[in-house]
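First comes the structure, then the notes that go with it.
The values are calculated or read from the model by the stated rules, or taken from the named source; none is laboratory data. Predicted model, so just to flag it, every value in this text is computed and none were measured. Using ideal geometry, Cβ is built from the backbone for each residue, glycine included, and neighbour counts are taken over all protein chains shown. Surface accessibility is based on the protein's heavy atoms, side chains included, excluding ligands, DNA and RNA. Shrake-Rupley method; radii C 1.70, N 1.55, O 1.52, S 1.80 Å.
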Amino acid sequence: MKNIAAENLSDLESIETQEWLDSLDYVLQNNGPSRAGQLLQQVAEHARRRGIRLPFSANTPYINSISVDQEVPFPGKQEIERRIKSLIRWNAIAMVVRANRVEPGIGGHISTFASAATLYEVGFNHFFRGNSNGGDRDVVYYQGHAAPGIYSRAFLEGRLTEKQLDNFRRELAPGGGLSSYPHPWLMPDFWEYPTVSMGLGPIMAIYQARFIRYLEDRELKKPSNSKVWAFLGDGETDEPESLGAITLPAREKLDNLIFVVNCNLQRLDGPVRGNGQIVQELEAIFRGAGWNVIKVLWGRDWDPLLAKDKDGLLVKRMGEIVDGQYQKYAVESGAYIREHFWGADPRLLEMVKDLSDDQLKRLALGGHDPVKVFNAYKQAVEHKGAPTVILARTIKGYGLGEAGEAKNITHQQKKLSEDELRAVRERFSIPVPEERLSDAPYYRPDEKSPELTYLKERRKTLGGALPVRATKTQPLTVSSTDLYEEFKKGTDARTASTTMVFVRLLSKLLRDPELGKVVVPIVPDEARTFGMEALFRQVGIYSHVGQLYEPVDMDTLLYYKESKDGQILEEGINEAGSLASFIAAGTAYSIHGVATIPFFIYYSMFGFQRVGDLIWAAGDSRCRGFLLGGTAGRTTLAGEGLQHQDGNSQLFAYPYPNCVSYDPAFAYELATIIQDGIRRMYVDQESIFYYLTVMNDQYVMPAMPEGEDVTPGILKGLYRFSKAKNTSAKLRAQLLGSGAILPEVIKGAALLEQFGVAADVWSVTSYGELYRDGNACDRWNMLHPSQKPRVPYVAECLNKTDGVIVAASDYVKALPNSVDRWLNRPIVALGTDGFGRSEGRKQLRDFFEVDSRFVAVAALSALARDKQIDAKLVDKAIKDLGIDPEKKNPAIS
Ligand SMILES: Cc1ncc(C[n+]2csc(CCOP(=O)(O)OP(=O)(O)O)c2C)c(N)n1
Ligand SMILES: [Mg+2]
């Protein structure tokens, strides 16, 4: 039976709905989209106040964010840009295919760039501003796996030779080659930032954009309109580093930042979100975080179809297909697409009845359409008040056809058969003759060809070629030496920790007329831990908006002061973000021509161990500055326990080739190292950076020893701190101590005196430097067998001394053991292998066996081993010193 009342109601409802929609259309027509939007918002607010629960969705429909009527015409010459892009595509494919023929398995990627070519080319031809336009340059983070495409463009520009392309991934070939991915360390005048460890590009870009603001707000750089572009893969967004920091640029209104996410829906193994929609997922995340989101999903071919879609059927259909299925359409025929996509509703089929299967197949996606991409970029650069993310849909391996287009194997595709090459050649109209096709030859048109003329003109207008890295900058003037003098005098009877010394030195550096302005203190919510709160007031915490509130501690001397010209980057609990700031500041000398000196101090356990990959990227980036591992030393940081107590980082620093690490014990050591570091990095412009551990333990800081200058020894990693008083003693020991354990070693020497052993005390400021020097000598000796052998510095210091050698540090025993082989007798290593404990310092040093008693016992045991004393005597000493020989081994307990 028919329900008459319900039918009438539904009629009424549809009339009502239509009236509302008509009203909206009326406003839209007469007052524009902004007014219409306002009205809708007011209606929604009103509804909420009236208790209507509106369903929340951060998503917009699965269509382009920019409607056709909002688009501007493409300003370039489309046909010629298409030809340039085709040549770049071809040469990028050729270089990978050729490289893998010469050396099978050498790798390289074709399909990433193939999908992103339009995204890059529109940028290169219309947006990315080069270095030569004053301060207005853009900073571009290229997706690492797209490197062949970037090389290929540089080849067309005449910046790379055919030979170099042929040596892609063969960097050691005669004449040099091209690095697999963006590596400024390997190609210092080309690449600026390494991006291939996925997730690092996006986070570095975010902090780069913020650092540009910082430089401008602090008047270290002229205000500019420069933009930071980060290109990333959709799969890459799964890395926590990619999305973990996206609230910062929205909060700080960084409209100088643009992310371009190449949504080819695939990663290495398969689809990114086979059962979902990565574009919609990312849209919601970025919108929720406050970004301007521009979706570029459909190319121009779809515009007339969407225009016909009066009831929203097509939009609905677009929105209900999951990514795995979209990927399937990309590999299927037009007939399949007609049946499965359009066939869902006869009205949809009707819409495309005039299109052939072939035309259906070729309906292009937004990320392959330069007009759509251009409009998205234009809106992005013009957008004010928030960063922009462009979500561009593309096909992975676009243009490869059967060789890999949208296939799951495409990421790894490196070898193309002649037929496959032919298909690519035909598709992109590459003028390579048939008889040469099998070689996959490069193609570069004549220098005066319309393509090269156009390409060069575009780059010239935009400020020169990219990427290009500046290698030369102005050295800093460093004339004052009295900055460091007080530290060389010691603290008399007062005690201090190396952290306190560092903070004092930092505050003096900040006041220095030459260096003060360029010092950048960076801290991840740990300033109070390190006793740095005085700096809040002295130089302020950077905030682009100043301080919009009255701080609770306003009436205290050291209140929490935020200001627009504040100098401290207080990054919150975010070591990765802080490291990204460190990289931005430490590379500003090259990127912005302003040498800034970052001092990034953090909990040492959360450095190399947590964000080691970013530190690796810092090294690759030729970043300069100081990393300071605070609260360092497994037994020196009392109470905090297993997860906080760091006895590892000095070892972790070893393999970072351009990281110079030190574990200083005394104020004068620390001051000497920093003074020399500033000279090496900022005057001599060495591409190195420093890692210094600083500790909490307070003790009297002695004056720099008089007599022989200990400066060279401090810097090389080892010097004699004191000589035994008893010069006639038969029993002798050389005791080596580092960092906060050095005072234990000094006490150990005094203890040994009671046992008739005369001990010299040495400070080891850097096992890492001793290790590198020893290896360098070994290597030289191996290659020059007929010449006078070089003697490692550690051997030069210790091999002429007498007695047993004991070395103690607050780090793993691998450190002293790493230099043992250059000595003419073994080192007895004391160290802190094992998990930490929540305990007091004294108990920890007992537990880990690094206190003065263990130093003494280690020396006595070694003397017994060498038959210089009776072992019974050592048994007795162990007992007398209150050591339980059966105690658990801390290394494994
Ligand atoms: C941290 C990290 N993990 C893994 C890899 C290996 N890897 C290189 S590319 C890739 C897939 C990339 O997919 P996507 O980000 O979607 O980029 P696309 O090539 O599809 O544009 C993977 C897993 C890497 N480079 N870095
Ligand atoms: Mg992808």
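Scan segment 178-201 for residues that are within 11 Å of ligand 1 (Cβ to nearest atom) and among the aliphatic types (A, V, I, L, M) and report the count.
The number of residues fulfilling the criteria is 3.
May I ask you to list the residues in segment 115-147 that are within 16 Å of ligand 2 (Cβ to nearest atom), assigned to a helix (DSSP H, G or I) and under 25 Å from the mean Cα position of the chain (by Cα)?
Within segment 115-147, Ser115, Ala116, Ala117, Leu119, Tyr120, Gly144, His145, Ala146, Ala147 meet the criteria.
Select from segment 197-255 the residues that are on the phi > 0 side of the Ramachandran plot and open to solvent by 40 Å² or more (accessible area, probe 1.4 Å) and write down the one among them that is nearest to ligand 2 (Cβ to nearest atom).
It comes out as Lys253.
From Ile258, Ile294, grab the single residue that is closer than 16 Å to Phe231 by Cβ, in contact with a Phe, Trp or Tyr (Cβ under 6 Å, 6 or more places away or on another chain) and away from ligand 2 (no atom under 14 Å from the Cβ).
Unique residue meeting the criteria: Ile258.
Restricting to segment 546-577, and then to whatever is touching a residue at least 24 places away in the same chain (Cβ under 8 Å) and more than 22 Å from Gly629 (Cβ to Cβ), can you tell me which residue is least open to solvent (accessible area, probe 1.4 Å)?
Across segment 546-577, the extreme among qualifying residues is Gly566.
Would you pick out the residues in segment 306-323 that are in a helix (DSSP H, G or I), surrounded by fewer than 17 Cβ atoms within 10 Å (Cβ to Cβ) and not basic (Lys, Arg)?
Ala307, Leu313, Val315, Gly319, Glu320 - these are the residues of segment 306-323 that are in a helix (DSSP H, G or I), surrounded by fewer than 17 Cβ atoms within 10 Å (Cβ to Cβ) and not basic (Lys, Arg).
Can you give me the ranges of the helices (runs of 4 or more DSSP H) entirely in segment 820-893 with at least 1 residues that are aromatic (Phe, Trp, Tyr) and farther than 30 Å from Val791 by Cα?
841-847, 852-865
Here is a yes/no grid of residues against (1) closer than 21 Å to Pro598 by Cα; (2) touching a strand residue (DSSP E or B) at 6+ places or on another chain (Cβ under 7 Å); (3) β-branched (Val, Ile, Thr):
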{"residue": "Pro524", "(1), (2), (3)": "yes, yes, no"}
{"residue": "Ala534", "(1), (2), (3)": "yes, no, no"}
{"residue": "Gln538", "(1), (2), (3)": "yes, no, no"}
{"residue": "Ile541", "(1), (2), (3)": "yes, yes, yes"}
{"residue": "His544", "(1), (2), (3)": "yes, no, no"}
{"residue": "Glu550", "(1), (2), (3)": "no, no, no"}
{"residue": "Asp555", "(1), (2), (3)": "no, no, no"}
{"residue": "Leu558", "(1), (2), (3)": "no, no, no"}
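Report yes if some residue within segment 497-505 is of a type outside the set (A, V, I, L, M, F, W, C) and closer than 24 Å to Ile591 by Cα; otherwise report no.
No - not one qualifying residue is present in segment 497-505.
Counting only residues that are among the aromatic types (Phe, Trp, Tyr) and either at pLDDT below 95 or open to solvent by 20 Å² or more (accessible area, probe 1.4 Å) (or both), how many does segment 807-825 have?
Residues in segment 807-825 being among the aromatic types (Phe, Trp, Tyr) and either at pLDDT below 95 or open to solvent by 20 Å² or more (accessible area, probe 1.4 Å) (or both): 1 in total.
Test of understanding: among Val855, Val850, Val804, Val828, which residue is surrounded by 20 or more Cβ atoms within 10 Å (Cβ to Cβ) and more than 22 Å from Lys730 (Cβ to Cβ)?
Within the list Val855, Val850, Val804, Val828, the selection yields Val850.
Mind counting the residues in segment 502-515 that are touching a helix residue (DSSP H, G or I) at 6+ places or on another chain (Cβ under 7 Å) and within 17 Å of Leu637 (Cβ to Cβ)?
Adding up the residues that qualify gives 1.
Can you name every residue in segment 627-659 that is of a type in the set (A, V, I, L, M, F, W, C) and buried (at least 24 other Cβ atoms within 10 Å of the Cβ)?
Scanning segment 627-659 gives Leu627, Leu628, Ala632, Leu637, Ala653.
For segment 222-267, enumerate the residues that are within 12 Å of ligand 1 (Cβ to nearest atom) and either part of a helix (DSSP H, G or I) or among the polar types (S, T, N, Q) (or both).
Gly235, Glu236, Thr237, Asp238, Pro240, Glu241, Ser242, Asn262, Asn264, Gln266 - these are the residues of segment 222-267 that are within 12 Å of ligand 1 (Cβ to nearest atom) and either part of a helix (DSSP H, G or I) or among the polar types (S, T, N, Q) (or both).
If we scan segment 278-295, do we find a residue that is farther than 16 Å from Ile395 by Cα, surrounded by fewer than 16 Cβ atoms within 10 Å (Cβ to Cβ) and not small (Gly, Ala, Ser)?
No, segment 278-295 contains no residue that is farther than 16 Å from Ile395 by Cα, surrounded by fewer than 16 Cβ atoms within 10 Å (Cβ to Cβ) and not small (Gly, Ala, Ser).
Within segment 268-284, how many residues are away from ligand 1 (no atom under 13 Å from the Cβ) and under 12 Å from Thr60 (Cα atoms)?
4
Given the condition basic (Lys, Arg) and not in a loop (DSSP other than H, G, I, E, B), answer yes or no: does some residue in segment 333-351 qualify?
Among the residues of segment 333-351, at least one is basic (Lys, Arg) and not in a loop (DSSP other than H, G, I, E, B), which makes the answer yes.
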